[in-house]
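I have placed the structure first, in the form of structure tokens, so that the comments after it can refer back to it.
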Amino acid sequence: QVQFVESGGGLVQPGGSLRLSCATSGRFFSIYDMGWYRQAPGKQRELVAAISSGRNTKYAESVKGRFTISRDNAKKTVYLQMNGLKPEDTAVYYCNIDRGGRNPMDEYWGQGTQVTVSS
């Protein structure tokens, strides 16, 4: 059974930085394409960054140049380095398997980690 645990969120001032982590105990982590998603109150969940099993990456236009996704297969962990944070980045951030345009598997969503950008 795949389970993801997100951590690293918090309260930060505009322009600040955070590094989020997503850890799993799943047996086949290294073959997964992974994504970071976020959901703000009243808004739909959106993909903000993704990294393939071969470490190709993609980003939502709104975060390009500010966020960097990476992975450590030995630690079964995906990271999201967030720099130059803006108030509009405020959301709960989640990780899940990226299924190439198909919806992530609902049963694999974790609790997420709250990111609040405010002065």
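The values are calculated or read from the model by the stated rules, or taken from the named source; none is laboratory data. On a predicted model such as this, the values are computed, not experimentally measured, just so you know. Backbone-built Cβ (ideal geometry, glycine too); neighbour counts: all protein chains shown.
Among the residues of the range 70-119, write down those that are in contact (Cβ under 8 Å) with a residue 40 or more places away in the chain, aliphatic (A, V, I, L, M) and not in a strand (DSSP E or B).
Of everything in the range 70-119, those that are in contact (Cβ under 8 Å) with a residue 40 or more places away in the chain, aliphatic (A, V, I, L, M) and not in a strand (DSSP E or B) turn out to be Leu85, Met105.
Gln3 is checked against (1) under 16 Å from the mean Cα position of the chain (by Cα); (2) modelled with pLDDT of 95 or more; (3) closer than 18 Å to Gly112 by Cα and fails just one. What number does that condition carry?
(2)
Report, by residue number, each residue of the range 78-89 that is touching a Ser or Thr at 6+ places or on another chain (Cβ under 8 Å) and buried (at least 18 other Cβ atoms within 10 Å of the Cβ). First the steps, then the outcome.
To start, the set of residues in the range 78-89 that are touching a Ser or Thr at 6+ places or on another chain (Cβ under 8 Å) comprises 78-85, 87-88.
Passing the criteria: Val78, Tyr79, Leu80, Met82, Leu85.
When you look at Asn96, is it buried (at least 16 other Cβ atoms within 10 Å of the Cβ) and more than 17 Å from Lys43 (Cα to Cα), yes or no? First the steps, then the outcome.
Values: buried (at least 16 other Cβ atoms within 10 Å of the Cβ): yes; more than 17 Å from Lys43 (Cα to Cα): yes.
Spelling it out, Asn96 is indeed buried (at least 16 other Cβ atoms within 10 Å of the Cβ) and more than 17 Å from Lys43 (Cα to Cα).
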